[in-house]
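Student: Before we start, here is the structure in question, set down as structure tokens.
The values are calculated or read from the model by the stated rules, or taken from the named source; none is laboratory data. Please read all numbers here as calculations on a predicted model, not as lab measurements. A quick note on method: Cβ atoms are made from the backbone with ideal geometry, for glycine too, and the neighbour counts reach across all protein chains shown.
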């Protein structure tokens, strides 16, 4: 199966019916919002090739990054066993062409070593979080990690029709 939004939507729906890996918002809407924020982010200038998706869930930020940028990589950090199992199954069985471009870490950001990130990404990466239990909690978790001091962005927007989805640096 080729990496595409459609194949991803199908896989998410299949897993979500049994394991509840996404919330109530339709996966197509979530991906559209993520793509919009990533496009805006990319339009602001040169960006690192590797995205670290903190609290990756079903890969709603990391996978669009991969299909929007052909030579990019994604590190998906997800402590929830069901969600990280979904990501592993998706990559291994449905999108094996991603094996060299994705690293799935079934852990919390505080437990991710800089050495692991750099050995996969090289020297250039940034972190993004879409679904987290609050900016303060995210900032505290990030500060407790070996990645503190590196670029961290949070996903926000869409509360009103005029508000664009975006990634804001924390």
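Yes or no, residue by residue, for (1) surrounded by 22 or more Cβ atoms within 10 Å (Cβ to Cβ); (2) under 17 Å from the mean Cα position of the chain (by Cα); (3) assigned to a strand (DSSP E or B); (4) without any contact (Cβ under 8 Å) to a residue 24 or more places away in the chain:
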position	(1), (2), (3), (4)
83	yes, yes, no, no
88	no, yes, no, yes
100	no, yes, no, yes
120	no, yes, no, no
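Student: Hey, another quick one. Check residue 95 against each of (1) over 22 Å from residue 10 (Cα atoms); (2) surrounded by 17 or more Cβ atoms within 10 Å (Cβ to Cβ); (3) over 14 Å from the mean Cα position of the chain (by Cα) and name the one condition it does not meet.
Tutor: Just one mismatch for residue 95, condition (1).
Student: Tell me the residue from 125, 165 that is modelled with pLDDT under 85, in contact with a helix residue (DSSP H, G or I) (Cβ under 8 Å, 6 or more places away or on another chain) and under 22 Å from residue 31 (Cα atoms), please.
Tutor: Of the residues listed, the single one that is modelled with pLDDT under 85, in contact with a helix residue (DSSP H, G or I) (Cβ under 8 Å, 6 or more places away or on another chain) and under 22 Å from residue 31 (Cα atoms) is 165.
Student: Being in contact with a strand residue (DSSP E or B) (Cβ under 6 Å, 6 or more places away or on another chain) and surrounded by 20 or more Cβ atoms within 10 Å (Cβ to Cβ), is that true of even one residue in segment 18-28?
Tutor: no
Student: Please enumerate the residues belonging to segment 64-81 that are in contact with a strand residue (DSSP E or B) (Cβ under 7 Å, 6 or more places away or on another chain) and assigned to a helix (DSSP H, G or I).
Tutor: The answer is 65, 66.
Results for (1) touching a helix residue (DSSP H, G or I) at 6+ places or on another chain (Cβ under 8 Å); (2) under 15 Å from residue 91 (Cβ atoms), shown as yes or no for each residue.
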site: 21; (1), (2): yes, yes
site: 27; (1), (2): yes, no
site: 40; (1), (2): no, no
site: 44; (1), (2): no, no
site: 49; (1), (2): yes, no
site: 58; (1), (2): yes, yes
site: 65; (1), (2): yes, yes
site: 68; (1), (2): yes, no
site: 72; (1), (2): yes, yes
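Student: In segment 44-81, which residues are more than 20 Å from residue 28 (Cα to Cα) and touching a residue at least 60 places away in the same chain (Cβ under 8 Å)?
Tutor: 47, 48, 49, 50, 51, 52, 54
Student: Which one is nearest to residue 49 (Cα to Cα), of the residues in segment 128-138 that are modelled with pLDDT of 75 or more and touching a strand residue (DSSP E or B) at 6+ places or on another chain (Cβ under 8 Å)?
Tutor: 128
Student: While we're on this one: Sort through 110, 115 and tell me the only one that's in a helix (DSSP H, G or I), modelled with pLDDT of 90 or more and within 18 Å of residue 152 (Cβ to Cβ). It would help to see each step written out before you state the result.
Tutor: On the way: 115 fails: within 18 Å of residue 152 (Cβ to Cβ).
Step by step, each of 110, 115 is checked, and only 110 is in a helix (DSSP H, G or I), modelled with pLDDT of 90 or more and within 18 Å of residue 152 (Cβ to Cβ).
Student: Among (1) surrounded by 14 or more Cβ atoms within 10 Å (Cβ to Cβ); (2) part of a helix (DSSP H, G or I); (3) modelled with pLDDT under 85, there is one condition residue 6 misses while meeting the rest; what is its number?
Tutor: Checking residue 6 against (1) surrounded by 14 or more Cβ atoms within 10 Å (Cβ to Cβ); (2) part of a helix (DSSP H, G or I); (3) modelled with pLDDT under 85, the one that fails is (1).
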